[in-house]
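The structure appears right after this line, and notes come after that.
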């Protein structure tokens, strides 16, 4: 027996690397040293104008959204998801992305599928001035089934220490600005898939009610907020804290960007939860608390600011076609009470 007989095609792997080369190298800035194919990616750190540079790193995957996306051939879109899940995390510190690495594991290398994934990754990196520095494609027959793949991403950014955003300046009555999500993004899909499994023809009812394609709405790629945040910060507007609303929803993620002395108050009447979330809640009979603690409910990212910057930020968001609104404000935590999640009051 040889390696190919066991399920690993080295030649196909080499051909795949050759075919993705153009997409990958299109993302390279002048800081990238040499091209792809070596054992490690080389990147010259841009230190111009930075007094005390800090590197910021993040890693994430796309989760079980991959199962549904692969069955519906949304491969390009999950490439975007992969970059977004990592990049949206590191930019909460005020960092600018420098480079990205990907890891793709599959049972059998299906070139056309994975080419679309890499194109999605490359597209997102190029759009956000981030170099796709390298990656790894692992063919693992017997561990992953044929036509199935898993993704992991790794993003590194840089920020000057004096411009680091860490939530320490957040105070009482600061405003919380919400930035609209593209939809479900990349969290909660284990629940979504269970609802679909238990409700035959779920897509037809949705399409009849709302005249929208169910799976296109469901598998919208995660929105990347870097360009918008970078533009806001370039206008000398102070952002005191930022939160990427991922797994755990608003209740889990929003408090992470502020000290334990404060708690966010959410005005649940400040926005209309998109119909896709409401539909899933009704069809799946999701309890209210699980609903809020699973999905982003239309809020993809949050900014904590002094109220004097409110109008300026809302205008910048509008100019960039990103819907934004005042979601709530920061309150001093009352330690005498249990701050249990109550959507109509606070989280």
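Computed from the coordinates by the stated procedures, all read-outs in this text should not be read as laboratory data. Keep in mind that this is a model prediction, so the values were computed, not measured. So basically every Cβ, Gly included, is an ideal-geometry build from the backbone, and we count neighbours across all protein chains shown.
A few notes on this one:
- Mean sequence separation of contacting Cα pairs (under 8 Å, at least six apart), scaled by the length of the chain, corresponds to a relative contact order of 21 percent.
- Contour excess over end-to-end distance, with Cα ends at residue 273 and residue 72 and 0.36 nm allotted per residue: 69.8 nm
- Order by protection proxy (mean Cβ within 10 Å, highest first), peptides 200-211, 84-95: 84-95, 200-211
- Counted over the chain, the DSSP beta bridges are approximately 80% antiparallel.
- Relative packing of peptides 42-54, 65-77, 260-272 - highest average C-beta neighbours within 10 Å first: 65-77, 260-272, 42-54
- Candidates 157, 40, 248, ranked by Gaussian network fluctuation over the chain, Cα under 10 Å, top entry: 40
- Length gained when the stretch residue 216-residue 198 is fully extended (0.36 nm per residue, less Cα-Cα span): 4.5 nm
- Calculated FRET value between residue 15 and residue 256, using beta carbons and R₀ = 51 Å, to 0.05: 0.70
- Using the Cβ-Cβ distance between residue 55 and residue 140 with R0 set to 35 Å, the FRET efficiency from 1/(1 + (r/R0)^6) comes to roughly 0.70.
- Summarised as an ellipsoid, segment 10-163 has semi-axes of 28, 17, 12 Å, derived from the eigenvalues of the Cα gyration tensor scaled by 5 and square-rooted, with the largest first.
- Considering only 196, 313, 305, the Gaussian network model of the chain with Cα springs below 10 Å gives its largest mean-square fluctuation to 196.
- Gaussian network model of the chain, springs between alpha carbon atoms under 10 Å - residue of 113, 22, 220 with greatest fluctuation: 22
- Placing a label point 7 Å from the Cα of residue 306 along the Cα-to-Cβ direction, the residues of segment 211-251 whose backbone N falls under 12 Å of that point are 237-240.
- Cα centroid separation, segment 83-156 to segment 227-305 (Å): 25 Å
- Förster radius 30 Å - calculated FRET efficiency between residue 31 and residue 172 (Cβ-Cβ, nearest 0.05): 0.10
- Semi-axes of the equivalent ellipsoid for the chain, computed as √(5λ) from the eigenvalues of its C-alpha gyration tensor and ordered from largest down, come to 35, 28, 16 Å.
- Taking every alpha-carbon pair under 8 Å whose residues sit at least 6 apart, segment 192-264 reaches a relative contact order of 13 percent.
- Relative contact order of segment 10-163, defined on C-alpha pairs under 8 angstrom at six or more residues apart (%): 37 percent
- Label positions at residue 285 and residue 320, each projected 7 Å from the Cα along the C-beta direction, are separated by 4.3 nm.
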